[in-house]
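Where a number appears in this text, it was derived from the coordinates with a stated rule and is not lab data. Everything numeric here is computed off the predicted structure, so don't read it as measured data. Methodologically, a virtual Cβ is constructed for each residue, glycine included, from the backbone with ideal geometry; neighbour enumeration extends over all protein chains shown.
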Amino acid sequence: MTEAASHSQFTPRVFSGIKPSGGLTLGNYLGAIKRFVAMQGEAYETLYCVVDLHAITVWQDPAELRTATREVAASYLASGIDPEKSILFNQSQVSQHAELGWIFNCVARVGWMNRMTQFKEKAGKNAEKQSLGLYAYPSLMAADILLYHATHVPVGEDQKQHVELTRDIAAKFNHDYKTEFFPLTNPVIEGPAMRVMNLRDGTKKMSKSGESDMERINMLDDADTIAKKFRKARTDPAPLPESLDGLKDRPEARNLVDIYAALSDQSPEAVITEYAGAGWGQFKPALADLAVAKLAPISSEMQRLLDDPAEIDRILARGSERARAIAAPILERTYDIVGLVR
Ligand code: TYM
C-alpha cells in the first residue's frame, strides 16, 4: 500500500505507552513522556496508556504492579499530560486490547517474532523459560496501536522495530482480507535523546533494569542523587570538542551532550558551541543543575499525586471509558471483516 493510501482516510491520532515495571528513568522521560506532552498541543488526538498487560510478560509482584501503574500515570500527569486534552488510561481496563491482540497473533508469523531483537536481548540464553506472553508481546503492541487506528507513535529508538512490525501486521491483515481497514502507522523518533545511554557504559541503553542504580537517573531521584550520578558518570579525559564530529567514538561524552540538549530544548550542535573546550568539571555540574531544575518540579508533583491514589484511579477509569468508545467499534468491525458471527 502507498503512503497516501495509508493515511488519507485516517484522523491524525497519536498512541503511545509505557510499561509499569520498576521505576521510570530519564530515558523514559526524554525519549517518551516529554515528547508526548509536546504532541498534545499539536494537531492530533492523543492517547497515552499505562501498558500493564505488557508489564506482566515478566513476573510482577501484584502490589508493586499497582504502585508502578499509578506511578506511570502520575509521571504523565506531573509532566504535563492533561487528562482533558489527552486520553490517559491503563490498558487492562480496555479489554479490546487483548481481543485484537489475539486476532493479530493469528496474523503475525512466528518468523517475524523470531527476528525481534528485544525478545532476544531479554530472553538471552533462557528463551525456553520465558513466558509465551513475552514472545507474543509485539503483536499485543500492534493491537494497542491499531485498535485506535493510530497514525503516529512517538517512541524511543529501542521500539522502532516493534512499530515496523505493527506496519507489517496491518499490511498483512489488509492484504489477506482485501481491505484498507488498518493504517500503516508511522513511528515518530525525533530529537537528540532517542537513545539515552547508560551513565557507566555509553554503548548500552539506560534502562530500568540495569544492574546498578548509578547507571541511570530515575525520575524520582532527589537533587543530591542526580548530582552524584552525573559527577560519577563515566567520561574520557578530553575536554568537549569544537564540533560534534569531535564526539565520534566518544559515546559517553556524546550521551551527556545529548542529554543536555534534550533537557534544554537545544540541538547538540548548540550545546557544543556553548561548551567548546570546557572540561568535565565545568560541564557535569551544569548538566546536573539543569537536570535537577527540570526533574525536581516533576518529581515533587508526582509525589503529591501519589498521595491520593484514588484520584489517579478515577482519572484512569475515565480515560479508559473514553478509550473504549474509540476501540469498541474498531474491534467490532475487525471481527466482522474476519467473519466472526456477532
Ligand atoms: P518501555 O516501557 O520500555 O519504555 C517506554 C518508552 O520510553 C522509551 N525509552 C527510551 N527512550 C530513549 N532512551 C532510553 N534509554 C529509553 N528507555 C526507554 C521507549 O522507547 C518507549 O517509548 N513496548 C513498549 C511499550 C508499549 C508501546 C505500545 C509503546 C506497549 N504498547 C504501543 C508505543 C505504542 C515498551 O516496553 O516501552
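A few remarks follow.
- Length-normalised contact order of the chain in % [C-alpha pairs under 8 Å, at least 6 apart]: 23 percent
- Proximal lysines to LYS120, defined as alpha-carbon separation beneath 23 angstrom and excluding residues fewer than eight positions away on the same chain: LYS19, LYS129, LYS160, LYS204, LYS205, LYS208
- For the stretch 1-156, the gyration tensor built on C-alpha atoms gives an oblate shape. Its axis ratio a/c (a ≥ b ≥ c) is at least 1.5, and a/b is not larger than b/c.
- Nearest-ten-degree value, helix 132-146 long axis tilted from longest Cα axis of the chain: 80 degrees
- Residue exposure sequence - LEU316, LEU65 - by fewest surrounding Cβ within 10 Å: LEU65, LEU316
- Cα centroid separation, the stretch 76-127 to the stretch 5-53 (Å): 12 Å
- Computed over Cα pairs, the Kirkwood radius of the chain leads via Stokes-Einstein (1.306 mPa s, 10 °C) to a diffusion coefficient of 75 µm² per second.
- Based on C-alpha pairs under 8 angstrom that are at least 6 apart in sequence, the stretch 213-303 has a relative contact order of 37 percent.
- Residues whose amide H comes within less than 5 Å of that of LYS205, counting only those at least five positions distant or on another chain, are ASN198 (H built at 1.01 Å from N in the peptide plane).
- Since only PRO237, VAL257, SER131 are under comparison, the one whose Cα sits farthest along the positive direction of the charge dipole of the chain, derived from C-beta charges on Lys, Arg, Asp and Glu, is SER131.
- Between the Cα long axis of helix 62-79 and the first principal axis of the chain there is an angle of about 70°, rounded to the nearest 10.
- The chain - charge dipole about Cα centre, Lys and Arg +1 at Cβ, Asp and Glu -1, debye rounded to 20: 720 debye
- A simple packing score, the average count of other Cβ atoms within 10 Å per residue, orders the peptides 68-78, 87-97, 226-236, 186-196 as 68-78, 87-97, 186-196, 226-236, with the highest score first.
- Prolate is the label for the stretch 213-303, because the ratio a/c of its alpha-carbon gyration tensor axes (a ≥ b ≥ c) is 1.5 or higher and a/b is greater than b/c.
- Between VAL341 and SER300, the FRET efficiency estimated from the beta carbon spacing at R0 = 35 angstrom works out to 0.05.
- Placing a label point 7 Å from the Cα of SER267 along the Cα-to-Cβ line, the residues of the stretch 185-221 whose backbone N sits under 16 Å from it are 190-193.
- Linear extension gain, LEU132 paired with GLU42, 0.36 nm per residue minus alpha-carbon span: 28.6 nm
- Degrees, to the nearest 10: 280-306 long Cα axis against longest axis of the chain: 40 degrees
- Full extension of the chain between THR67 and ASP307 yields a length gain of 85.3 nm, computed as 0.36 nm times the residue separation minus the alpha carbon distance.
- Among ASP221, ASP313, ASP265, residue whose mean-square fluctuation peaks in a GNM of the chain (springs only between Cα atoms under 10 Å): ASP265
- Simple spin-label estimate for LYS85 and LYS120 gives 4.0 nm between the two label positions (7 Å along the Cα-to-Cβ direction from each Cα).
- Alpha carbon centroid spacing (whole Å) that separates the stretch 155-171 from the stretch 183-209: 14 Å
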